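K.L.:
I have a structure here, written as structure tokens, and I will follow up with some questions on it.
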Amino acid sequence: MEELMQYVWRYRLWPDLSLTTADGLAVEVVDQGRLNRGSGPDFFNAGIRIGGELWAGNVEIHVRASDWHRHGHDGDPAYDSVILHVVAYDDCEVCRSDGSVIPQVTMRCHEALEQEYRNFMQSPASELPCARHIADVPAIIMNDWLTALAFERLQRKADDVMKLVEATHGDWNTAAYVTLARAMGFGSNADAMERVARATPLRRIRRHADSQTAVEAMLIGRAGLLADPPRDPYEARLLADFRFYSHKFGTAEDLELLNCAGEPMPYTPPVWNLRQRPANSPLRRVVTLAAFMCAHGSPGQEMLAVGDYEQARQLFSFTIPQYWREHLTFGVTGAFPAAALAENSIRLLCINAIVPLKYAHGEYCGDERQRDEAVEMLQSLKPEKNSVTTLFETAGFAIKDAFASQAVLQLRRAYCEPRKCLYCRLGHKFLSSRIKCR
């Protein structure tokens, strides 16, 4: 409810009635101020005329006036600059830390606005809160918001790449390796795959890239997917190799395995989501990463050179070893194609690894052409097909390419699921349309 009150204040959506303080002084909002998303008062640099006198300062908003005391503001000097306290229920007087009384005004929300907001907040998690309104959104507003969302998501992914580059002192090959590993987790096992890559430095893989079994041993062992006792002779070989390399290199590695003091710490294998189809099992994802790394020793250079989907297909056209074409897992036979990755998987790796890497590299080098190439690649790829895109398509969204599918994923994850409807352009349009703005 407090968020709704902040929204109403920010956009001047309170009912068209005169505001007065608790002691009867007329209040005119000259400037409602700038919303503060950090600590301190809710709105900075407001201009409020109270009883004919113009005040400049900050505004704090609460549902109940007593929340001022409950939140400890009465003893916090950071709130001494508050010139107006806006509440829905005036149940007490409030003061600054020096004891001076703060002018207080009661502000109500429109009933229609409040009811619509409750409907949004109480809608089932599996649904879109505003699904029934989507068809009424003008195309220009929808396209503008989806474009902003797609860039918001792309920038977040590029920022993740840049953190890796900074952590490795400018090593784009390692950044590409870790980014690709995460993308090969395909959502449900992304964190686990990234953890395995962080714990198995690229320099170690490069040193043994001529031996598929050596690279598999290091990666599968780090993943915690080798059983003891082994289930067949091949697993026994990998287990022996993993023990040898663990003894040779030790268990404290780069990046993630340094604690906050920069000291080595023990490695704990990741927790995997095992509810996957055989072709997408954690073991096969790790094996696929091992096969790619044996085929491509400089992943950063090669991924950055990809300009379109056809070149991506060539980059990811590698095969898995014979053992994995004939086994579901260790000791369990089953037939699989020689190609390590299907068309849909290659497309997802373009979206989640190559595009963010190229966009980040373009920012790093100040190369606008490379950033444009990354965006154009998204716009040339088919859209993702998953539960989120299906949800939006059912509601009336037209998702024509991967740029649009990334946009709706961002909308769902960053706004719909956490119920940030007040910060969504669509939510703002739907809510504000419920009342007559001043």
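The values are calculated or read from the model by the stated rules, or taken from the named source; none is laboratory data. In this text the structure is predicted, and so the values were computed from the model without any measurement. FYI the Cβ positions are ideal-geometry reconstructions off the backbone, even for glycines, and counts take in every protein chain you see. Areas reflect the complete protein model, heavy atoms only, side chains present, ligands, DNA and RNA absent. Shrake-Rupley method; radii C 1.70, N 1.55, O 1.52, S 1.80 Å.
K.L.:
How big is the chain on each of its three principal axes, counting only the C-alpha atoms and giving the largest first in Å?
P.N.:
86, 49, 42
K.L.:
Continuing with the same structure: If contacts are Cα pairs under 8 angstrom and at least 6 residues apart, what is the relative contact order of the chain in percent?
P.N.:
Computed value for the chain: 15 percent relative contact order.
K.L.:
While we're on this one: What is the sum of charges, Lys and Arg at +1 and Asp and Glu at -1, for the other residues whose Cβ falls under 15 Å from the Cβ of Leu54?
P.N.:
Around Leu54, the surrounding residues sum to -2.
K.L.:
Compute the long axis of helix 282-295 from its Cα atoms, compare it with the longest principal axis of the Cα atoms of the chain, and write down the angle in degrees, 0 to 90, nearest 10.
P.N.:
For helix 282-295, the angle is close to 70 degrees.
K.L.:
Let me ask something additional. What is the spread of the Cα atoms of region 96-229 along each of their three principal axes, largest first, in whole Å?
P.N.:
72, 53, 38
K.L.:
Another question, then. Work out from phi, with θ = phi - 60° and the Karplus expression 6.51 cos²θ - 1.76 cosθ + 1.60, the ³J(HN,Hα) of each residue of region 182-197, listed in order in whole Hz, and give x for Gly and Pro.
P.N.:
Computed from phi, the couplings for region 182-197 are 4, 4, 6, x, 6, x, 5, 10, 4, 4, 5, 5, 4, 4, 4, 5 Hz.
K.L.:
Here's something else I'd like to know. If amide H atoms are built 1.01 Å from N in the plane of the peptide, which residues on other chains or at least 5 residues away come under 5 Å of the amide H of Trp55?
P.N.:
Excluding prolines and chain starts, which carry no amide H, the hits are Ile48, Arg49, Ile50.
K.L.:
Apply the Karplus curve 6.51 cos²θ - 1.76 cosθ + 1.60, θ = phi - 60°, to the phi angles in region 311-316 and return the couplings in whole Hz, x for Gly and Pro.
P.N.:
5, 5, 4, 5, 4, 9
K.L.:
Please report the spacing between the Cα centers of region 28-95 and region 405-419 in Å, no decimals.
P.N.:
32 Å
K.L.:
Sticking with this structure for a sec: What would the Debye equation give as log₁₀ I(q)/I(0) for region 264-408 at q = 0.11, 0.19, 0.21 Å⁻¹, counting only Cα atoms as equal point scatterers?
P.N.:
Values returned for q = 0.11, 0.19, 0.21 Å⁻¹ are -0.54, -1.19, -1.26.
K.L.:
State the dimensionless ratio Rg/Rh of region 44-138 (Rg: radius of gyration of Cα atoms; Rh: Kirkwood radius).
P.N.:
The Rg/Rh ratio comes out at 1.13.
K.L.:
A further question on this structure: Where the accessible area of the chain is counted over protein heavy atoms with a 1.4 Å probe, how much of it, in %, is carbon and sulfur?
P.N.:
50 percent
K.L.:
Moving to a separate point now. Pick from His71, His133, His361: which residue has the top mean-square fluctuation in a GNM of the chain where Cα pairs under 10 Å get a spring?
P.N.:
Evaluated over the chain, the most mobile residue of the options is His71.
K.L.:
Here's another thing I want to ask about it. If you average 1/r across every pair of different Cα atoms in region 363-404 and take the reciprocal, what Kirkwood value do you get, in Å?
P.N.:
Averaging 1/r across every pair of different Cα atoms and inverting gives 11.6 Å.
K.L.:
Another question, then. Quick one: net charge around Phe242, please, counting Lys, Arg +1 and Asp, Glu -1 for every other residue with C-beta under 11 Å from its C-beta.
P.N.:
Taking every other residue near Phe242 into account, the sum is 0.
K.L.:
Something else: Relative contact order for region 322-421: what percent, with Cα pairs under 8 Å and sequence separation of 6 or more?
P.N.:
It rounds to 16 percent for region 322-421.
K.L.:
So for the chain, taking the charge dipole from beta-carbon charges (+1 Lys/Arg, -1 Asp/Glu), which of Ala240, Ser39, Phe397 sits furthest toward the positive end?
P.N.:
My answer, from the dipole projection, is Ala240.
K.L.:
Could you list which residues have their amide H under 5 Å from that of Lys420, counting only those 5 or more apart in sequence or on another chain, with H placed in the peptide plane?
P.N.:
Result for Lys420 returns nothing.
K.L.:
Among bridges DSSP assigns within the chain, what percent are antiparallel (round to 5)?
P.N.:
Bridges in the chain that DSSP calls antiparallel: roughly 70 percent.
K.L.:
What does the net charge come to around Arg371 if you take all other residues with beta carbon closer than 14 Å to its beta carbon, with K and R at +1 and D and E at -1?
P.N.:
-4
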